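Enquirer: Sharing a structure below in structure tokens format, with a few things to ask.
The values are calculated or read from the model by the stated rules, or taken from the named source; none is laboratory data. In this text, all values refer to a predicted model and were calculated from it rather than measured experimentally. Positions of Cβ are generated from backbone atoms using ideal geometry, with glycine treated the same way; all protein chains shown enter the neighbour counts. SASA here: full protein model, heavy atoms, side chains in, ligands and nucleic acids out. Shrake-Rupley method; radii C 1.70, N 1.55, O 1.52, S 1.80 Å.
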Amino acid sequence: MARSLNARRPATLASLAAELGVSRTTVSNAYNRPDQLSPELRRRVLETARRLGYPGPDPVARSLRTRKAGAVGLLLTENLSYAFRDPAAIAFLEGLALACEDAGTGLLLVPANPEREDVAAVHRAGVDGFVVYSVPDDDPHLAAVLERPVPTVVCDQPEIGTVDRVGIDDRGAMGRMARHLIELGHRRVGVVCMRLARDRNDSFVPVHRQHEAHFHVQRARLEALATEFAAAGVDWTGVPVVERFDHTIASGSTAAAQLLDRDPEITAIICTSDILGLGALAEAERRGLRVPQDLTVTGFDGIPDAERAGLTTVRQPVLEKGRAAGRLLLDTVDPGRPRTVTLDTELIVGTSSGAPKPAAQQWYGP
């Protein structure tokens, strides 16, 4: 079909400049460097652009010219929905977004399915740098990020030593939790932990898998528990540890069920996240177990839902993690050697932890 004779070709930067009687640099500055123009001139440029249908400078052409994408890439080895579903991930994302807002840059989510090794999303991401959020040390997406000639900041894990990192003292924080339970009198405990490696294992975890975990945050928390309970006379090889690949409340519930089915005389379930802890609380309620009279349950993270439920937990500043990671990445000063930011944590003793009852008084429901 022939094009209508009345159809008007889209305006370009050159035609807009000609219409206004100004240089193309002036038009470009109206969008990219508004401080270079008087408010009146900029208003006239933008109003004329709207009237002529000029959409503004081509961002692709601009990025090719400046070699800047104007965005930070957030790599998380989870499905995209995880960033909007998991409370800790949401808080981290908010903190990172705040840092990007302060710097006037964009944020691009680069999700990577944890059960696939397709790194194409990393290769094609148009970003000026990456924030890597909690991945295993053998993750192929991480390797792809490190191959890119852009700055990188790791949050939580892994500890690489060649890039900036933001995290907490996981070993020290979980050690305080262990000592709290030991002081209450708990010796017969079970553990529910997040995934330890890229392979799916929704079952009990032998000690060698704990020691060889590729997620070093989980490894550090388990090692802290093992060290403290061993000092209290507990043989860690006899402590049941259940792993869950999926980080959901339902996973915490089924993991707690596995523990209690194997050893109904457990007096405390220690969870390495609040989400798993909330699931353990749900399973205790399903079995008619009173918390903490019949069973103590603890978590880790300090998410709002956990604190509302009275879960004894470790509160960590997740939002500030995101903000600190963004600031490190966007810092224009050459840092020289890799920098590490270690944030403080706080043990929150809620209503879900208490002293175990004497064996003669224990009751474990139906």
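Enquirer: Please report the net charge: other residues with Cβ closer than 13 Å to the Cβ of E117, K and R +1, D and E -1.
Expert: The answer is -3.
Enquirer: Tell me, in nm to one decimal, what length is gained between R85 and E40 on full extension, where the rule is 0.36 nm per residue of separation less the Cα-Cα distance?
Expert: Full-extension gain reported as 11.6 nm.
Enquirer: Using a Gaussian network for the chain with springs between C-alpha atoms less than 10 Å apart, which of these wobbles most: L46, L330, L295?
Expert: So, out of L46, L330, L295, the one fluctuating most is L46.
Enquirer: Modelled label-to-label distance, R337 and E212, 7 Å Cα→beta-carbon offset: nm?
Expert: 3.4
Enquirer: Looking at the chain as a GNM with Cα springs under 10 Å, which of E115, E283, E47 has the largest mean-square fluctuation?
Expert: Checking each option, the largest mean-square fluctuation is seen for E47.
Enquirer: Carbon and sulfur atoms: what percent of the 1.4 Å accessible area of the chain do they account for?
Expert: Reported share for carbon and sulfur atoms: 51 percent.
Enquirer: Only Lys, Arg, Asp and Glu count, each charged at its Cβ (+1, +1, -1, -1), so figure out the dipole size of the chain about its Cα centre, rounded to 20 debye. Present the calculation step by step, with values, prior to reporting the outcome.
Expert: On the way: 43 positive and 47 negative charges, 353 e Å.
Roughly 1700 debye for the chain.
Enquirer: Does anyone have the angle between helix 87-103 and the longest principal axis of the chain? Alpha-carbon axes, 0 to 90°, nearest 10?
Expert: 30
Enquirer: I would also like to ask the following. Along the charge dipole of the chain, which of L222, V291, V163 sits closest to the positive end, that is, farthest toward it, with unit charges on the beta carbon of Lys, Arg, Asp and Glu (+1, +1, -1, -1)?
Expert: Among L222, V291, V163, the one farthest towards the positive end of the dipole of the chain is V163.
Enquirer: Taking θ = phi - 60°, what integer Hz values does the Karplus form 6.51 cos²θ - 1.76 cosθ + 1.60 yield along segment 143-157, in sequence order, with x for Gly and Pro?
Expert: 4, 5, 4, 5, 7, 6, x, 9, x, 9, 10, 9, 9, 6, 8
Enquirer: I've got another one for you. What are the ³J(HN,Hα) values, in whole Hz, obtained from phi via the Karplus relation 6.51 cos²θ - 1.76 cosθ + 1.60 with θ = phi - 60°, for each residue of segment 214-221 in sequence order, with x given for Gly and Pro?
Expert: In residue order, the calculated couplings are 7, 8, 6, 5, 5, 4, 5, 5 Hz.
Enquirer: In 5 Å bins starting at zero, report the fraction of Cα pairs in segment 238-329 per bin as a rounded %.
Expert: For segment 238-329, the pair-distance distribution reads 3, 14, 25, 22, 16, 8, 5, 4, 2, 1.
Enquirer: Quick one: compute the contact order of the chain, relative version, from alpha carbon pairs under 8 angstrom and 6+ residues apart, as a percent.
Expert: Details: 694 pairs, mean separation 61.4, N = 366.
Answer for the chain is 17 percent.
Enquirer: Another question, then. Work out the length of the dipole vector of segment 98-162 about its Cα centre, built from +1 on the beta-carbon of each Lys and Arg and -1 on the beta-carbon of each Asp and Glu, and round it to the nearest 20 debye.
Expert: 260
Enquirer: Moving on to the next point. Top mean-square fluctuation among D137, D202, D118, Gaussian network model of the chain, C-alpha springs under 10 Å?
Expert: Looking only at D137, D202, D118, the biggest GNM fluctuation is shown by D118.
Enquirer: Here's another thing I want to ask about it. Can you check how the C-alpha radius of gyration of segment 38-186 compares to 2.2 N^0.38 Å, as a plain ratio?
Expert: In units of the globular-protein estimate, segment 38-186 measures up at 1.41.
Enquirer: Roughly how tilted is helix 249-262, in degrees to the nearest 10 and between 0 and 90, from the longest Cα axis of the chain?
Expert: For helix 249-262, the angle is close to 20 degrees.
Enquirer: Something else: For the chain, find the longest principal axis of its Cα atoms and tell me its angle to the long axis of helix 274-286, 0 to 90°, nearest 10.
Expert: Helix 274-286 sits at roughly 40 degrees to that axis.
Enquirer: Please arrange R221, R339 by accessible surface area, largest first, computed with a 1.4 Å probe and ligands excluded.
Expert: So the residues, ranked largest to smallest area, are R339, R221.
Enquirer: For the pair Y31 and A120, how long in nm is the line joining their label points, each one 7 Å along Cα→Cβ?
Expert: Each label point is offset 7 Å from its Cα along the Cβ direction, giving 3.0 nm.
Enquirer: Relative contact order for segment 79-128: what is it in percent, counting Cα pairs under 8 Å that are at least 6 residues apart?
Expert: 34
Enquirer: Once amide H atoms are built 1.01 Å from N in the peptide plane, which residues 5 or more positions from G106, or in another chain, come under 5 Å H to H?
Expert: Here A71, V72 satisfy the definition.
Enquirer: Here is a further query. With Cβ to Cβ distances under 15 Å as the rule, what net charge do the other residues near A143 carry (K, R +1; D, E -1)?
Expert: Details: positive: R116, R148, R198; negative: E117, D118, D137, D138, D139, E147.
Computed value for this residue: -3.
Enquirer: Top to bottom by accessible area (1.4 Å), largest first, where do L107, L311 land?
Expert: L107, L311
Enquirer: What distance in nm lies between label points placed 7 Å from Cα along the C-beta direction at R148 and A250?
Expert: 3.3
Enquirer: I need to check one value: relative contact order of segment 208-318, counting alpha carbon pairs closer than 8 Å and at least 6 residues apart, in percent. Mind dumping the intermediate values first?
Expert: Working: 143 pairs, mean separation 21.2, N = 111.
It rounds to 19 percent for segment 208-318.
Enquirer: Something else now. Heavy atoms only, probe 1.4 angstrom, no DNA, RNA or ligands counted: give me V207, V122 ranked by accessible area, highest first.
Expert: Values: V207 45, V122 0 Å².
In descending accessible area the options line up as V207, V122.
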